[in-house]
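The values are calculated or read from the model by the stated rules, or taken from the named source; none is laboratory data. The structure displayed is predicted, hence computed values, not measured ones. As a convention, Cβ positions derive from the backbone with ideal geometry for all residues, glycine included, and neighbour counts pool all protein chains shown.
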Amino acid sequence: MKKTILLVTMSIAWAGSASAADSAFATAGAAQSVTAEAGTLKAVMQQLGRDYAALNQAVLMEDFEAAANAALHIAKHDQPSLGQKVKIMAGLRSEMSAFKQADGKVHSLAVDIKQAAEANDMPLLIQRQSAMLSACMACHTGYRSKIKNILN
C-alpha cells in the first residue's frame, strides 16, 4: 500500500508540472508550449496527458464521477491519422505488436479505473491508476525515442 501511495503521489506531481501534458514526445527537460497538429500522435498524447491530469485531480478531490469521466476519455482516446499509423507500423515492424499491447494495457486499466470510480472504490481506483502510470511510463521508455525518430 505504501508503494501505491508513493506512486500515486509521484504521478500527481508529474501531472501537475507545467509542461507534463505537452511533453509526451519532447526531449527530456525541454519544455514544449506548442500544441501538436490535430491528427498526430503527439496531439493524441497531449490529450491523454490532460486526461490523466484530470484523473489525478479527481482522485485528489475524491470526485468519483470526474474520475470515471477522465478514465472513459483515456479508454476512448483519439487515434493518430492513418498516415501516421502507417509510418509507425513501417518503422516499428516487428515491435508493432508489443506497442499495440502497451496501448491495450492502458485501455484495459482505464476501463478498470472507470469501474472502480463508479463503485466508489478508492483503494482499487488508486491501485489501477498507479498501474496505469507504470504502463504509460514503460511504453514511453520503450518507444518514445523510436517513434519520435520515425515521425520526424
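From the residues in region 48-66 that are crowded, with 18+ Cβ neighbours inside 10 Å and of a type in the set (A, V, I, L, M), which one is farthest from GLN127 (Cα to Cα)? Before the answer, list the steps.
Let us first name the residues in region 48-66 that are crowded, with 18+ Cβ neighbours inside 10 Å, namely 48-49, 51-56, 58-59, 64.
Filter again for of a type in the set (A, V, I, L, M), leaving 48, 53-55, 58-59.
Numbers: LEU48: 19, ALA53: 16, ALA54: 17, LEU55: 13, ALA58: 15, VAL59: 11 Å.
Filtering region 48-66 for residues that are crowded, with 18+ Cβ neighbours inside 10 Å and of a type in the set (A, V, I, L, M), the one farthest from GLN127 (Cα to Cα) comes out as LEU48.
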Residue under evaluation SER94, criteria (1) over 15 Å from LEU133 (Cα atoms); (2) at pLDDT below 95, criterion not met: (2)
Any chance ALA90 is more than 18 Å from the chain's Cα centre (by Cα), small (Gly, Ala, Ser) and farther than 17 Å from LYS42 by Cβ: yes
SER134 passes all but one of (1) surrounded by 15 or more Cβ atoms within 10 Å (Cβ to Cβ); (2) polar (S, T, N, Q); (3) over 23 Å from ALA38 (Cα atoms); which number fails? (1)
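A quick yes/no check of all residues on (1) part of a helix (DSSP H, G or I); (2) touching a residue at least 24 places away in the same chain (Cβ under 8 Å); (3) at negative phi; (4) not hydrophobic (A, V, I, L, M, F, W, C):
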residue: ALA66; (1), (2), (3), (4): yes, no, yes, no
residue: MET89; (1), (2), (3), (4): yes, no, yes, no
residue: SER108; (1), (2), (3), (4): yes, no, yes, yes
residue: VAL111; (1), (2), (3), (4): yes, yes, yes, no
How many residues does region 73-86 contain that are assigned to a helix (DSSP H, G or I) and either surrounded by 17 or more Cβ atoms within 10 Å (Cβ to Cβ) or in contact with a Ser or Thr (Cβ under 9 Å, 6 or more places away or on another chain) (or both)? 4
